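Notes follow once the structure below has been shown.
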Amino acid sequence: MKRIIALAAALLLPMAATAQDGDHVSESNGVRVMHAWTHATDTDSARVYFEIENGSDQIVSLQALDASVGIDVALKAAPLDANSSEPVGLPELPIAPNNTATLEPEGMFMQITGLDEPLSAGDRFEMQVEILPFEPLTLEVAIEEKDAAGHSHADHTQ
């Protein structure tokens, strides 16, 4: 477990804060979560990706919480072993002050399971993530095409 947390922490990269449009940013106590997105799906699960900037003066811990479209949400990472296809569950993702973490395909992500219905491109849903020691943040998650490589930015400038 310590190895997984150390790997997650090692993936963090420093990044300066940039301006974003309000609908795609959730912010509290200097922590910003932005550009939440997922692929359209016809299965009962989805992976959600986003960026987190920790502009606070303390280490924060990202943890899964809740989504309006599924039964369970869990923080996961792509398999560390080339012989495995199963994602690795992570209890948390620590983010140092003035650092950024990116959840992305083939990296870390939030896994939603138990979807009530398929997710359709162009739709949106809300989810909450825990950013300890602060209050949870509510994100608006954009549903992109099944083959999308990232957040499209189609309805905003950055």
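Laboratory data are not the source of any read-out in this text; all were calculated from the coordinates shown. Computed from a predicted structure; not experimentally measured. Glycine gets a Cβ as well: all are built from the backbone with ideal geometry, and neighbour counts include every protein chain shown.
Each label was represented as a point 7 Å from its Cα along the Cα-to-Cβ direction; for GLU126 and ASP66 these points are 1.0 nm apart.
Could you tell me how far the Cα centroid of segment 30-74 sits from the Cα centroid of segment 114-137, in Å? Between the Cα centre of segment 114-137 and that of segment 30-74, the gap is 7 Å. Note on segment 32-76: Cα Rg divided by 2.2 N^0.38 Å, N the number of residues, gives 1.36. Across the alpha-carbon atoms of segment 44-99, the computed radius of gyration and Dmax are 13.6, 40 angstrom.
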